[in-house]
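J.: Can you keep this structure in mind? I'll have questions shortly.
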Amino acid sequence: VLIQILSLYRKECNNADHNSKYLIMRIFFTDWNSYNSGLQMTAGEWLIIDNFTDGEDVICHINKMWKKWDLDYPLDCPREELLISDSEDLPGDMGRKEFLSESDFDFLVQYGELSEDDREKVDVVMATTSNDLRNALENYEDVSCLEISEGDFQHLGEDLAGNEIDCYPDVPEFFIQNFDYKGYGWEAANHWPSIQVVNGQYWNVPCLDR
């Protein structure tokens, strides 16, 4: 019966928004003492990040469950050291951590509250910098997808040069017609720190210029 319930729960979570490429972020948490005693599956549970308002809310829930498990599955030593033994759809390297702090949970809650477009920008910052969620949340707003495929230097040059030309309305038409857009695009793709390729498309990541 328990296996059937868990299967239905997983199906419900995965179908919550089948049009979204972002699934539900969740972790399976227990504690090290339960784990070392072989009780991690009974004194442990899946926690859905989106169900909480901030990191403090998450930590309060964890402590509440530890108190409950102290009564249901008592140990010789207290439950006090968090262990995350599994996770699903956490951004960046968060999914590889066995411990998350209250501030880590704060960042995950913030990430979960973003629109899909903004989450993608956060992912791009993480992929092109230090893979740090806090840094990405601080720097994603200026990120933009140029919607140009990797290697298409002509259109990349036209897009970037066009933005520059728009700032100077007196640029001669002859210059605009004869400018080497392809060469400009190649230069940007290979030498501009802010122009990055993620998932086969060019992105402008301004924080890389700082």
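J.: Do you know which residues across the range 195-210 are over 15 Å from residue 123 (Cα atoms) and of a type in the set (Ser, Thr, Tyr)?
T.: Matches in the range 195-210: none.
J.: For the range 94-115, enumerate the residues that are farther than 21 Å from residue 53 by Cβ and not in a loop (DSSP other than H, G, I, E, B).
T.: Result: 95, 96.
J.: Report yes if some residue within the range 177-195 is among the β-branched types (Val, Ile, Thr) and within 24 Å of the chain's Cα centre (by Cα); otherwise report no. I'd like the intermediate steps shown before the answer.
T.: At the first step, the residues of the range 177-195 found to be among the β-branched types (Val, Ile, Thr) are 195.
In the following step, the residues that additionally are within 24 Å of the chain's Cα centre (by Cα) were identified as 195.
Within the range 177-195, one or more residues are among the β-branched types (Val, Ile, Thr) and within 24 Å of the chain's Cα centre (by Cα).
J.: For residues that are open to solvent by 90 Å² or more (accessible area, probe 1.4 Å) and in contact (Cβ under 8 Å) with a residue 24 or more places away in the chain, tally how many sit in the range 139-170.
T.: 4
J.: Ok, one more. Among the residues of the range 171-210, count how many are assigned to a loop (DSSP other than H, G, I, E, B), open to solvent by 50 Å² or more (accessible area, probe 1.4 Å) and more than 20 Å from residue 139 (Cβ to Cβ). Spell out how you get there, then give the answer.
T.: Narrowing the range 171-210 to residues assigned to a loop (DSSP other than H, G, I, E, B): 171-172, 179-180, 192-194, 199-200, 205, 210.
Restricting the remaining residues to those that are open to solvent by 50 Å² or more (accessible area, probe 1.4 Å) gives 172, 179-180, 192-193, 199, 210.
Right, trim to more than 20 Å from residue 139 (Cβ to Cβ) and you get 172, 179-180.
The total comes to 3.
J.: Still on this structure, I have one more. Given the structure, is residue 132 within 30 Å of residue 80 (Cα to Cα), open to solvent by 60 Å² or more (accessible area, probe 1.4 Å) and either at pLDDT below 95 or more than 10 Å from the chain's Cα centre (by Cα) (or both)? Quick ask: steps written out before the conclusion?
T.: Values: within 30 Å of residue 80 (Cα to Cα): yes; open to solvent by 60 Å² or more (accessible area, probe 1.4 Å): yes; either at pLDDT below 95 or more than 10 Å from the chain's Cα centre (by Cα) (or both): yes.
Judged against the criteria, residue 132 is a match.
J.: When you look at residue 38, is it at positive phi and either assigned to a strand (DSSP E or B) or free of Cβ contacts under 8 Å to residues at least 40 places away in the same chain (or both), yes or no? Break it down stepwise before answering.
T.: Working: at positive phi: yes; either assigned to a strand (DSSP E or B) or free of Cβ contacts under 8 Å to residues at least 40 places away in the same chain (or both): yes.
Yes; evaluated as a whole, the condition is true for this residue.
J.: Another question, then. For residue 83, which of the numbered conditions (1) in a helix (DSSP H, G or I); (2) hydrophobic (A, V, I, L, M, F, W, C); (3) open to solvent by less than 70 Å² (accessible area, probe 1.4 Å) fails to hold?
T.: Every condition holds for residue 83 apart from (1).
J.: Quick one: is residue 102 touching a strand residue (DSSP E or B) at 6+ places or on another chain (Cβ under 7 Å) and open to solvent by 70 Å² or more (accessible area, probe 1.4 Å)? Before you say what the answer is, go through the steps one by one.
T.: Working: touching a strand residue (DSSP E or B) at 6+ places or on another chain (Cβ under 7 Å): no; open to solvent by 70 Å² or more (accessible area, probe 1.4 Å): yes.
So residue 102 fails the test.
J.: Condition first: in a strand (DSSP E or B) and at pLDDT 95 or above. Can you find one or more residues in the range 60-80 that meet it?
T.: Of all residues in the range 60-80, those in a strand (DSSP E or B) come to none.
No; the residues of the range 60-80 include none that is in a strand (DSSP E or B) and at pLDDT 95 or above.
The values are calculated or read from the model by the stated rules, or taken from the named source; none is laboratory data. These figures come from a predicted structure and were not determined experimentally. Positions of Cβ are generated from backbone atoms using ideal geometry, with glycine treated the same way; all protein chains shown enter the neighbour counts. The protein model used for the area step is the full one, side chains on, heavy atoms only, and it has no ligands, DNA or RNA in it. Shrake-Rupley method; radii C 1.70, N 1.55, O 1.52, S 1.80 Å.
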